[in-house]
Amino acid sequence: MGDPLISRDDAAEVLGAVARAAGPYLDALPHLPVRDPAHAGLLEQLGGPLPEDGDGAVAAIADLLRIGTRAATHSSGPRFFHFVVGGSTPAAQAGDWVTSLLDQAAGLWLTSPFAARAEAVVLRWLKELLGLPAAWGGVLTPSATFANLTGLACARHWWAERHGVDVTADGLAGLPRMPVFSSGYVHASSRKALQLLGLGRDNVRAVARDDAGRLDPAALDRALAGSGPAVLIANAGEVNGGDFDPVDAMADLAERHGAWLHVDGAFGLYAALSPRTAHLVRGVERADSVAADGHKWLNVPYESGMAFVRDASALGRAFGTWNAAYLPEPDDEFVNYNNLGPESSRRARALPIWAALRAYGRSGHRAMVERHLDLARHLGGVVERSADFELLAPVTLFVVCFRYRPAGVPADGLDDLNRRLGEELVADGRVYAGTTVYRGVVALRPAIVNWRTTTEDVDLLVSVLREIGARLTGR
């Protein structure tokens with residue numbers, strides 16, 4: 001088929017093919033296994049030599065749909081409880097299709113006033129939704145890892161200024177190590193951000209008071225007294241048990257010692273939406289920078305993150321002033337978002353968020369959050385009432401941390417049993433949930449954040465775990 005210009009008339013046909021496939025796929029999604037082992041062999045059909053002339057858009061998309069709708073991991077469905085992965089609400093998914101259709105170069109106002117304006121509106125709406133001050137600066141990112149990178153880059157610039165250095169222009173050479181403190185809840189994405197910023201993945205001092213990782217505020221107070229300018233990372237939501245650092249108390253310490261407070265709120269920031277959980281993020285409005293994800297509890301498609309900074313000018317100082325003659329100068333009204341974050345080439349990722357917030361509003365997203373809170377409590381209650389499961393952490397949010405503990409299995413065999421149970425659950429494919437190590441023991445930690453998930457899906461997880469557990473123990 002060769003040159004796409006020759007077959008340009010195929011565009012409407014192939015997009016129509018995707019639209020026609022969408023209905024049956026989405027209708028089936030609530031009933032599909034998360035991954036069907038029977039279709040694993042289809043992955044081989046993605047390979048082969050690079051075609052010389054190509055098969056044409058119609059044939060290529062037909063194959064992609066045939067393989068993908070069967071062999072993909074159906075992580076947008078209601079039974080994917082592994083990691084913290086939301087689905088895509090209908091408005092958000094359609095907004096993402098619009099994003100691909102319009103294919104905006106969203107980094108500069110000049111290239112797309114539409115994308116820039118949409119991002120400005122979305123950032124304002126998100127601040128309203130999450131209880132952040134309207135005057136804060138913000139930028140959309142591909143993920144919470146990039147959002148942590150953005151916030152911590154601003155912190156690095158702030159810290160270097162206190163040593164008389166413009167780190168954006170001159171780098172870190174000659175500076176001491178930047179002191180970074182957190183609890184034992186600090187996430188790998190924060191460490192990765194520090195690694196990418198040249199500050200060191202292992203440069204975080206975890207000030208914890210127990211083996212769960214809970215913060216020791218008194219010890220942190222003493223550490224800050226002798227550290228000089230420092231950065232604190234508060235964790236609004238921890239992945240194993242769903243616990244929160246005391247953000248308000250950490251804000252007090254940051255103010256007392258003149259430290260920068262960064263909040264990693266990848267999923268926990270959305271606790272602000274419900275009066276039942278808003279206390280967990282009390283004090284976040286006192287932080288210097290805040291990071292969150294959209295493709296977790298907001299249920300918009302990958303890739304979606306957001307970073308907010310108290311000092312709106314900090315983003316431009318950390319990421320702008322490239323001195324490239326062909327780029328327009330920063331402007332308060334006509335915002336160039338590639339001057340405010342780590343990316344230069346950016347898709348219009350504001351559009352799915354705009355569509356979701358416009359479609360469902362504050363009350364719709366609150367209803368989704370509270371439904372997940374109820375489902376997590378339901379699962380926690382089933383575990384607590386069971387003779388063969390053990391709840392390992394209080395159900396604070398949507399993560400339920402527990403282990404399989406049937407009668408007759410010695411204590412020293414439980415870790416191996418639960419590790420095998422997690423592996424078999426994923427291999428089975430009907431429901432997904434992963435294992436972790438929490439307080440020294442292997443545990444399951446399903447995360448319930450998909451807008452489609454119902455009580456029946458949660459109960460199926462329990463049923464499948466018991467079925468596999470009985471097979472593994474011979475009972």
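P(r) for the chain, from all Cα pairs and a bin width of 20 Å, is 22, 51, 25, 1 %, short bins first. Solvent exposure of the range 208-267 amounts to 32 Å² per residue of accessible area, where only protein heavy atoms count and the probe is 1.4 Å. Under the criterion of Cα pairs below 8 Å and six or more residues apart, the relative contact order for the range 1-86 equals 46 percent. With the cut-off at 21 Å, report for the range 242-321 the share of all Cα pairs above it, as a whole percent. The answer is 34 percent, as a whole percent.
Comparing Cα centroids, the range 340-364 and the range 1-35 end up 24 angstrom apart. Near the amide H of Arg405, within less than 5 Å, lie the amide hydrogens of Phe389, Glu390, all on another chain or at least 5 residues away, with H placed in the peptide plane.
The charge dipole of the range 373-421, taken about its Cα centre with unit charges on the Cβ of Lys, Arg, Asp and Glu (plus for the first two, minus for the last two), comes to roughly 100 debye. Amide H to amide H, with H built 1.01 Å from N, Leu132 comes under 5 Å of no residue 5 or more places away or on another chain. One quarter of the convex hull surface built on the alpha carbon atoms of the range 135-261 amounts to 8.3 nm², the projected area averaged over directions.
Dimensions of the range 252-394 from C-alpha coordinates, computed as largest minus smallest value along each principal axis and given longest first, are 69, 42, 27 Å. Can you pull the percent of the range 183-248's accessible area that's carbon plus sulfur, 1.4 Å probe, other chains left in place? Answer for the range 183-248: carbon and sulfur cover 45 percent of the accessible area. Quick one: in the range 70-139, what % of C-alpha pairs are over 19 Å apart? Beyond 19 Å sits 56 percent of the P(r) for the range 70-139. Evaluate the Debye formula for the range 27-111 with equal point scatterers sitting on the alpha carbons, no solvent, and hand back log10 of I(q)/I(0) at q = 0.13, 0.21, 0.24 Å⁻¹, in q order, two decimals. Scattering profile of the range 27-111, log10 relative to I(0): -0.66, -1.13, -1.19.
Find the Cα radius of gyration of the range 111-165, compare it with 2.2 N^0.38 Å by division, and give the number to two decimals.
Against the compact-globule rule of thumb, the ratio is 1.38.
Sequence-ordered 3J(HN,Hα) estimates for the range 272-280 from the Karplus curve with 6.51, -1.76 and 1.60 and θ = phi - 60° stand at 5, 6, 10, x, 6, 10, 4, 4, 5 Hz, glycine and proline given as x. Just need the relative contact order of the chain here, percent rounded to a whole number, with Cα pairs under 8 Å and 6+ apart. Result for the chain is 22 percent. In order along the range 256-262, the phi-based Karplus estimate (6.51 cos²θ - 1.76 cosθ + 1.60, θ = phi - 60°) of 3J(HN,Hα) comes to 5, 9, x, 9, 8, 9, 10 Hz; Gly and Pro are listed as x. Averaging Cα coordinates gives a centre for the range 215-273 and one for the range 372-441; these two points are 28 Å apart. Taking N as the residue count of the range 1-158, its C-alpha radius of gyration divided by 2.2 N^0.38 Å amounts to 1.34. Here the sum of -39500 (n - 2.57) over DSSP H runs of 4 or more residues, divided by the residues of the chain, equals -13000 deg cm²/dmol at 222 nm, to the nearest 500.
Determine the relative contact order of the range 223-315: mean sequence separation of Cα pairs under 8 Å and six or more apart, normalised by residue count, in whole percent.
RCO, the range 223-315: 24 percent.
7 Å from Cα along Cα→Cβ at both Ser344 and Leu460: what's the point-to-point distance in nm? Reported label-point gap for Ser344 and Leu460 is 4.7 nm.
The values are calculated or read from the model by the stated rules, or taken from the named source; none is laboratory data. Since this is a predicted model, take the numbers as computed values, not measurements. Every residue, glycine among them, receives a Cβ derived from its backbone with ideal geometry; neighbour counts consider all protein chains shown. Please note that ligands, DNA and RNA were not included when accessible areas were found on the heavy atoms of the full protein model with its side chains. Shrake-Rupley method; radii C 1.70, N 1.55, O 1.52, S 1.80 Å.
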